[in-house]
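**Q** My questions all concern the structure below.
The values are calculated or read from the model by the stated rules, or taken from the named source; none is laboratory data. All figures in this text were calculated on a predicted structure; none of them were measured in a lab. With ideal geometry, Cβ positions are generated from the backbone for all residues, glycine too; neighbour counts draw on all protein chains shown. Quick note on the areas: whole protein, heavy atoms, side chains included, nothing else; ligands and nucleic acids left out. Shrake-Rupley method; radii C 1.70, N 1.55, O 1.52, S 1.80 Å.
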Amino acid sequence: MDTRFPEGGRPRAEIDAALDAMAAGDVDWRGGRVPLYVFGATAEVGEVGRDAFMRFFTENALGAKRAFTSLRRMEEEVVAMALDLFHGPEGAVGGMTSGGTESILLAVKACRDGARARRGDPAHRGNLVLPVSAHPAFDKAAALMDLPVRRIPVRADLRADVAAMAGAIDADTILLVGSVPCFPYGVVDPLPELSELALSRDLWLHVDACVGGYFAPFARELGRPIPEFDFALPGVASISADLHKFGFCPKPASTVFFRDAARAAGRGFDLDVWPNGRFATATFVGTRPGGGVAGAWAVLNFLGREGYRALAARLLAMRDDYVAGIRAIPGMRVFGEPDLSILAFGAEALDMGAVAAGMEARGWVPGLVREPPGLHIMMSLLHEPVRERYLGDLREAAAEAAPAQGAAVQAVY
Ligand SMILES: Cc1ncc(COP(=O)(O)O)c(C=O)c1O
């Protein structure tokens, strides 16, 4: 590794060659070897997103109001389309962000600031009540805002335990969370019951649909048994949904929505003591790549409901085949009943760390689950052509693995 700032520039050809050489050391994600981080639909969908991204490569969505009306319009249209999908009531608002973490951060901030205003206590430290399976982004937001988090064990079916969450609520609770689906097990939480709980206790319910926001509605349309989870439920205050996951849009692109403008009030930042004048953003970040906005606009328009439904049908058929293949391996069980294309699985009798090592030795990046010990795959269409190879390798790795000795799987994300 060269650690000096280069004195003279290097020729472009040399730079291209160096980039190629470095990429050659990466795992073969195009070949479906990575069970998270990257998402693929069809090659054409990828091209549509990339072309739109490159057209707006330099434009900055921070300037969407004053300079780039194109980006402003595209963002407004993306938000409007998504609110239509999520049954947003009249007056619902939303915006685009850099990812699930930022969307969640903004929802937690809006909830916290709203609660502080209502209580007339600008220092109130409201607590967050989450299923243990909720994403760490909530804890990240809570750490930044100095809020306590209560993570509640899930039910035997790995979905949020609404009664246990109700029991964890106290006078300082401000936020409840349900996931569509949760990352660890790929199961959707019982949002209708969480909505009831939120209404009965006058609490803010955030639906984390970062993974499934642009997948679950179409799986529902295809008749898959996923409960209602969006603004159709009266207790839902905010929703996060990532375009750069199963929306199949280029990174960075997520969306966050609020039931009404009053609830959205605290999401942004507004400073009026700066020499340049007032500085107000609806997001946490300042500069935002125009490409992310354009890429999302292009992909949503290219696919439409029909396109997403067709992709969902393919993904669910693929998921069913993976599940059947995993269940056919002696001792192996899928954890819970996964609702979309995230699966976690393991075998009590096997050292799952050894199975993971066996998969790694065969060229796969093993996703891991610690509780219960298992493997984890978040699958897009990148994983469709490699199913037989994956299952064959898994069968071999399982056959080689030693019996479990109570050893935990050491997962680091
Ligand atoms: C359920 C869930 N929420 C939030 C996030 C955070 O999204 P991001 O990595 O885009 O910040 C993820 C990421 O995988 C997730 O699975």
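**Q** Has the stretch 277-297 got at least one residue that is surrounded by 24 or more Cβ atoms within 10 Å (Cβ to Cβ), out of contact with any His (no Cβ under 6 Å at 6 or more places or on another chain) and closer than 17 Å to A219 by Cα?
**A** Among the residues of the stretch 277-297, not one is surrounded by 24 or more Cβ atoms within 10 Å (Cβ to Cβ), out of contact with any His (no Cβ under 6 Å at 6 or more places or on another chain) and closer than 17 Å to A219 by Cα, which makes the answer no.
**Q** Here's a follow-up. Can you give me the number of residues within the stretch 243-295 that are at positive phi and among the hydrophobic types (A, V, I, L, M, F, W, C)? Break it down into steps so the answer makes sense when it comes.
**A** Step one: list which residues in the stretch 243-295 are at positive phi, which gives 248, 277.
Filter once more, keeping what is among the hydrophobic types (A, V, I, L, M, F, W, C): 248.
Counting residues in the stretch 243-295 that are at positive phi and among the hydrophobic types (A, V, I, L, M, F, W, C) gives 1.
**Q** Another question, then. Of (1) open to solvent by 10 Å² or more (accessible area, probe 1.4 Å); (2) part of a strand (DSSP E or B), S238 satisfies all except one. Which?
**A** (1)
**Q** If you don't mind, another one. Give me the pairs: first residue in the stretch 355-376 and within 20 Å of Y37 (Cβ to Cβ), second residue of a type in the set (V, I, T), beta-carbon distance under 6 Å, and six or more apart or on different chains, which are they?
**A** Matching pairs, first to second residue: V365/V27; V365/V34; G367/I377; L368/V409; R370/V409; H376/V369.
**Q** Which one of D28, D51, D20 is surrounded by fewer than 17 Cβ atoms within 10 Å (Cβ to Cβ) and under 14 Å from A298 (Cα atoms)? Don't jump to the end; show me each part of the working.
**A** Values: D28 fails: under 14 Å from A298 (Cα atoms); D20 fails: under 14 Å from A298 (Cα atoms).
Criteria check complete, one pass: D51.
**Q** Next question. State the number of residues belonging to the stretch 218-235 that are within 16 Å of the ligand (Cβ to nearest atom) and part of a helix (DSSP H, G or I). I'd like the intermediate steps shown before the answer.
**A** Step one: list which residues in the stretch 218-235 are within 16 Å of the ligand (Cβ to nearest atom), which gives 219, 226, 229-230.
Filter once more, keeping what is part of a helix (DSSP H, G or I): 219.
Final tally of qualifying residues: 1.
**Q** Given V188, V211, which one is open to solvent by 10 Å² or more (accessible area, probe 1.4 Å) and either within 16 Å of the ligand (Cβ to nearest atom) or not assigned by TED's automatic domain parsing to the domain that holds R112 (or both)? Spell out the reasoning first.
**A** Numbers: V188 fails: open to solvent by 10 Å² or more (accessible area, probe 1.4 Å).
None of the other options fit; the residue is V211.
**Q** Looking at F53, is it of a type in the set (A, V, I, L, M, F, W, C) and assigned to a helix (DSSP H, G or I)?
**A** Considered against the rule, which asks whether it is of a type in the set (A, V, I, L, M, F, W, C) and assigned to a helix (DSSP H, G or I), F53 comes out as yes.
**Q** Take G46 and tell me if it is under 22 Å from the mean Cα position of the chain (by Cα) and away from the ligand (no atom under 16 Å from the Cβ).
**A** Working: under 22 Å from the mean Cα position of the chain (by Cα): yes; away from the ligand (no atom under 16 Å from the Cβ): yes.
So G46 fits the description; yes.
**Q** In the stretch 23-70, what residues are under 21 Å from V386 (Cβ atoms) and β-branched (V, I, T)?
**A** Passing the criteria: V27, V34, V38, T42, V45.
**Q** Name the strands (runs of 3 or more DSSP E) wholly within the stretch 304-413 that hold at least 1 residues that are more than 30 Å from Y214 (Cβ to Cβ)? Spell out how you get there, then give the answer.
**A** On the way: elements: 342-346, 367-369, 374-378.
Of the strands (runs of 3 or more DSSP E) lying wholly inside the stretch 304-413, none has at least 1 residues that are more than 30 Å from Y214 (Cβ to Cβ).
**Q** Being in contact with a helix residue (DSSP H, G or I) (Cβ under 6 Å, 6 or more places away or on another chain) and buried (at least 17 other Cβ atoms within 10 Å of the Cβ) is the filter here; which residues of the stretch 394-403 pass it?
**A** Pass one, the stretch 394-403, residues in contact with a helix residue (DSSP H, G or I) (Cβ under 6 Å, 6 or more places away or on another chain): 397-398, 400-402.
Passing the criteria: A397, A398, A401.
**Q** Moving on. Across the stretch 56-75, what is the total count of residues that are open to solvent by less than 90 Å² (accessible area, probe 1.4 Å), among the hydrophobic types (A, V, I, L, M, F, W, C) and in a loop (DSSP other than H, G, I, E, B)?
**A** At the first step, the residues of the stretch 56-75 found to be open to solvent by less than 90 Å² (accessible area, probe 1.4 Å) are 56, 59-64, 67-68, 70-71, 74-75.
Checking which are among the hydrophobic types (A, V, I, L, M, F, W, C) leaves us with 56, 61-62, 64, 67-68, 71, 74.
Add one more test, that the residue is in a loop (DSSP other than H, G, I, E, B), and what stays is 56, 64, 67-68.
Counting residues in the stretch 56-75 that are open to solvent by less than 90 Å² (accessible area, probe 1.4 Å), among the hydrophobic types (A, V, I, L, M, F, W, C) and in a loop (DSSP other than H, G, I, E, B) gives 4.
**Q** Could you please let me know if R327 is basic (K, R), more than 18 Å from H383 (Cβ to Cβ) and outside the structural domain of F248 (by TED's automatic domain parsing)?
**A** Here the answer is no, as R327 does not meet what is asked.
**Q** Of the conditions (1) within 11 Å of the ligand (Cβ to nearest atom); (2) closer than 23 Å to V45 by Cβ, P250 clears all except one; give me its number.
**A** So P250 meets the others, but not (1).
**Q** Restricting to the stretch 327-371, count the residues that are touching a Phe, Trp or Tyr at 6+ places or on another chain (Cβ under 8 Å) and open to solvent by less than 30 Å² (accessible area, probe 1.4 Å).
**A** Our first condition is that a residue be touching a Phe, Trp or Tyr at 6+ places or on another chain (Cβ under 8 Å); within the stretch 327-371, this holds for 332-336, 338, 340-346, 364, 369.
Restricting the remaining residues to those that are open to solvent by less than 30 Å² (accessible area, probe 1.4 Å) gives 332, 334-336, 338, 340-346, 364, 369.
Residues that pass the stated criteria total 14.
Let's see how each residue does on (1) in contact with a helix residue (DSSP H, G or I) (Cβ under 8 Å, 6 or more places away or on another chain); (2) among the aliphatic types (A, V, I, L, M):
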| position | (1), (2) |
| --- | --- |
| D270 | no, no |
| F279 | no, no |
| V285 | yes, yes |
| A298 | yes, yes |
| Y308 | yes, no |
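**Q** Still on this structure, I have one more. Can you give me the number of residues within the stretch 191-208 that are of a type in the set (A, V, I, L, M) and open to solvent by less than 10 Å² (accessible area, probe 1.4 Å)?
**A** Within the stretch 191-208, the first condition is being of a type in the set (A, V, I, L, M), and the residues that meet it are 191, 194, 197-199, 203, 205, 207.
So of that shortlist, the ones also open to solvent by less than 10 Å² (accessible area, probe 1.4 Å) come out as 191, 194, 198, 205, 207.
Within the stretch 191-208, residues that are of a type in the set (A, V, I, L, M) and open to solvent by less than 10 Å² (accessible area, probe 1.4 Å) number 5.
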